[in-house]
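The values are calculated or read from the model by the stated rules, or taken from the named source; none is laboratory data. What you see is a predicted model, and the numbers here were worked out from it, not measured in a lab. Cβ coordinates were reconstructed from backbone atoms using ideal geometry, including for glycine residues, and neighbour counts include every protein chain displayed. Accessible surface is based on the protein model in full, side chains and every heavy atom, while ligands, DNA and RNA are left aside. Shrake-Rupley method; radii C 1.70, N 1.55, O 1.52, S 1.80 Å.
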Amino acid sequence: MSGRTIEVANPRTGAVDYRFEAADEAGLAKLAARLRAAQNGWAVRSIEDRCQALLGWADAIERHKDAIAAALEIDTGRRRIARLEVEGAIASIRGWAAGAPHLLPKPQWVEGRMNPAIRHQAQDVPYALTGVISPWNFPLTLSLIDTIPALIAGSAVIVKPSEVTPRFAGPLSAAIAEAGLSDLLAFAPGDGATGAALIDEVDVVCFTGSVPTGKKVAVRAAGRLIPAFLELGGKDPLIILESADMDRAVTAALRGSVLSTGQACQSIERIYVARKLYPAFLDRLVSAAEAVRFNWPDINSGEVGPMIFARQADIIAGQLEDAVARGAKILTGGKIERHGGGYWIAPTVLTDVTHDMAVIREETFGPILPVMAFDSVEEAVRLANDTVYGLSAAVIAGTIEEAESVGRQLEAGAVTLNDAALTALFHEAEKQSFKQSGLGPSRMGAAGLLRFFRRKALIAQTGAPAPLSAFCEG
Ligand code: NAD
């Protein structure tokens, strides 16, 4: 350990109520050596066997569910979503364990096309040690989303959770120990310096976080020539076509923007509405936004929690100030509120926004809904694609077919049709991040597992080896 103590604030009270010591280079090197030693034995077990071991871990998490959820609740200031994260983790382990053995091709010899005597067979070799670096918005989910398939592939894993939300790692580690997996999966607490040092120890790094940090991770990984799988920020557009059902559009727009206080990579952050629907849509959206309640003072009530990371409140306030200074109007919300020491912001509907405002250009990560009208589908597509991000997008129309025809033109890795932000709720479809929203294969679907293997070819000569004279010039 580094002797470097990091203080953590409680998002509901603002008080520093947790401290931990960050892992340093020497500690990480020791941890990596221990995991690498155990990984040999893990990788030679069958995939079915590894899945069985992970099912034991899922059962252990089930037994430690209350403690993990309680820690996650303090980390994030929200109760329902904390419990959903724990249940989701258990379901994800069980889902991967059931499906993964069927995803790997059965090894078999294949005769060569030119020379049938030379046969080949593939061997899928896992990376020995995977590093996972996760953000604060869904601390448990995003620490395990890469970890579970990496373990099933036969890799050992070190996770560096966010320094903003580190509390859940303690009770989760108790479940890891109970399942006998402590030599294969470990949490290394720390901040950016710890994350950077982790990259120097592993064979592949899976990073979820912001674009600026993702670029630093990519550079560090490139220096070691190891792959970096990057899942970064977004500025997701929602297009509402003239044929859309108004109830559907309002429900999806509000939930897609406001869920988790907008602290989700796949949040809707820009809404483009057909001019004909625009006035009625705005009225309905403002009423729906004004009905949303904070989960304060009672954590068991309301739909919106506090800002998990106080500094994010400054970013949101700055974007709103910039927008208003450039002519935007706030129809509802718009102020950072202080309750019980935490930072809160009600759903905020903005109009008269333009593409030169930060609130349209940059990731906001809050429950902010800037709305613009469009006059043609071509204009809507152009506006939606006018961004450096390409994480996901959504289209609502009278029919799935009409929504699909627009969705196919959007430059994003996943497009929800006739709803919004389904990527958070549906993990089966493969998707890659476009533009600056990320790099690397899909973490969803079969590729989520297969990316942790390198393919090796075994090439067998069953005939006589060719003599050098076979290549003689004359
Ligand atoms: P962040 O980039 O600030 O930090 C993410 C992680 O990187 C943290 O654990 C941090 O300690 C670590 N880190 C910081 N500097 C580092 C360095 N130089 N080297 C290695 N690691 C370093 O992101 P955040 O504020 O925690 O999370 C919010 C961001 O995450 C948003 O941009 C959001 O869109 C993004 N996100 C993306 C997805 C996705 O799947 N695409 C999902 C959730 C969140």
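Just add up the charged neighbours of residue 12: K/R +1, D/E -1, any other residue whose Cβ is under 11 Å from the Cβ of residue 12.
Around residue 12, the surrounding residues sum to -1.
Can you compute the modelled spin-label distance between residue 216 and residue 430, with each label point 7 Å from Cα toward Cβ, in nm?
Placing both labels 7 Å along Cα→Cβ, they lie 3.3 nm apart.
Each label point is 7 Å from the Cα along the Cα-to-Cβ direction; what then is the distance between the points at residue 339 and residue 455, in nm?
Each label point lies 7 Å from its Cα, and together they span 5.4 nm.
First compute the accessible area of the chain with a 1.4 Å probe, then give the percent of it belonging to carbon and sulfur atoms. Let's see the in-between values first.
Numbers: 11330 of 20360 Å².
Exposed carbon and sulfur together represent 56 percent of the surface.
Once phi is turned into θ = phi - 60°, what whole-Hz ³J(HN,Hα) does the Karplus curve with 6.51, -1.76 and 1.60 give for every residue of region 381-394, x standing for Gly and Pro?
Ordered by residue, 3J(HN,Hα) equals 5, 4, 5, 4, 7, 7, 7, 7, 8, x, 6, 8, 7, 8 Hz.
Hey, what's region 209-249 come to in accessible area per residue, 1.4 Å probe, Å²? Walk me through the intermediate numbers first.
Values: 1770 Å² over 41 residues.
Per residue, region 209-249 has 43 Å² of solvent-accessible surface.
Please compute the contact order of the chain in relative form: average sequence separation of alpha-carbon pairs under 8 Å and at least six residues apart, divided by the residue count, as a percent.
Details: 1023 pairs, mean separation 83.5, N = 474.
Averaging sequence separation for qualifying contacts and normalising by length gives 18 percent for the chain.
Could you pull out the chymotrypsin sites (Phe, Trp or Tyr not before Pro) across region 26-111 that fall in loop regions by DSSP (anything but H, G, I, E, B) with no more than 15 other Cβ atoms inside 10 Å? Intermediate values should be presented prior to the final figure.
On the way: sites: 42, 57, 96, 109; in loops: 109.
Answer by residue number: 109.
For 51, 265, give me the order by solvent-accessible area with a 1.4 Å probe, most accessible first, ignoring ligands, DNA and RNA.
On the way: 51 5, 265 45 Å².
In descending accessible area the options line up as 265, 51.
Which angle between 0 and 90 degrees, to the nearest 10, do you get for helix 80-99 versus the longest principal axis of the chain when only C-alpha atoms count?
30
Would you mind working out the accessible area per residue for region 51-190, using a 1.4 Å probe, and quoting it in Å²?
Working: 5100 Å² over 140 residues.
Result: 36 Å² of accessible area for each residue.
Using heavy-atom solvent-accessible surface (probe 1.4 Å) with all chains present, what is the largest-first order of 277, 331? Mind showing how you got there, number by number?
Values: 277 30, 331 75 Å².
Ranked list, largest accessible area first: 331, 277.
Helix-derived [θ] at 222 nm for the chain: sum -39500 (n - 2.57) over DSSP H runs of at least 4, divide by residue count, nearest 500? It would help to have the intermediate numbers written out before the result.
Details: 16 runs with 178 residues, N = 474.
Only helices count here, giving -11500 deg cm²/dmol.
Within 10 Å of each candidate Cβ there may be at most 14 other Cβ atoms; applying that plus a DSSP loop requirement, which trypsin sites (Lys or Arg not before Pro) in region 26-104 survive? Spell out each step's value before the answer.
Details: sites: 30, 34, 36, 45, 50, 63, 65, 78, 79, 80, 83, 94; in loops: 45, 78, 79.
Answer by residue number: 45.
Over region 28-119, what relative contact order in percent results from Cα pairs under 8 Å that are six or more residues apart? Don't skip to the end; give the middle numbers.
Details: 43 pairs, mean separation 26.4, N = 92.
29 percent.
With every protein chain present, what accessible area does residue 7 have (1.4 Å probe, heavy atoms only), rounded to the nearest 10 Å²?
110
Just to be sure I understand: of the beta bridges DSSP finds with both ends in the chain, what percent are antiparallel, rounded to 5?
On the way: 27 of 63 bridges.
Around 45 percent of the beta bridges assigned by DSSP in the chain are antiparallel ones.
With a 1.4 Å probe and all protein chains kept in place, how do 205, 164, 377 rank by accessible area, largest first? The partial results should precede the final answer.
Details: 205 0, 164 20, 377 55 Å².
Largest to smallest exposure gives the sequence 377, 164, 205.
Determine the relative contact order of region 127-201: mean sequence separation of Cα pairs under 8 Å and six or more apart, normalised by residue count, in whole percent.
Details: 102 pairs, mean separation 24.9, N = 75.
Normalised by residue count, the contact order of region 127-201 is 33 percent.
Students often check this: by mean Cβ neighbours within 10 Å, which of 281-287, 237-243, 468-474, 190-196 ranks highest, and how do the rest follow?
Values: 281-287: 17.7, 237-243: 22.6, 468-474: 5.6, 190-196: 20.1.
Highest-to-lowest ranking by the protection proxy: 237-243, 190-196, 281-287, 468-474.
Return the sequence-ordered ³J(HN,Hα) values of region 421-438 in whole Hz as given by the Karplus equation 6.51 cos²θ - 1.76 cosθ + 1.60 applied to θ = phi - 60°, using x for Gly and Pro.
Per-residue couplings from phi come out as 6, 6, 4, 6, 9, 9, 10, 8, 8, 5, 8, 10, 8, 8, 6, 7, 7, x Hz.
Collect residues whose amide H, placed 1.01 Å from N in the peptide plane, falls under 5 Å from the amide H of residue 437; neighbours closer than 5 in sequence don't count.
For residue 437, whose amide H was placed from the backbone, the distant partners under 5 Å are 390.
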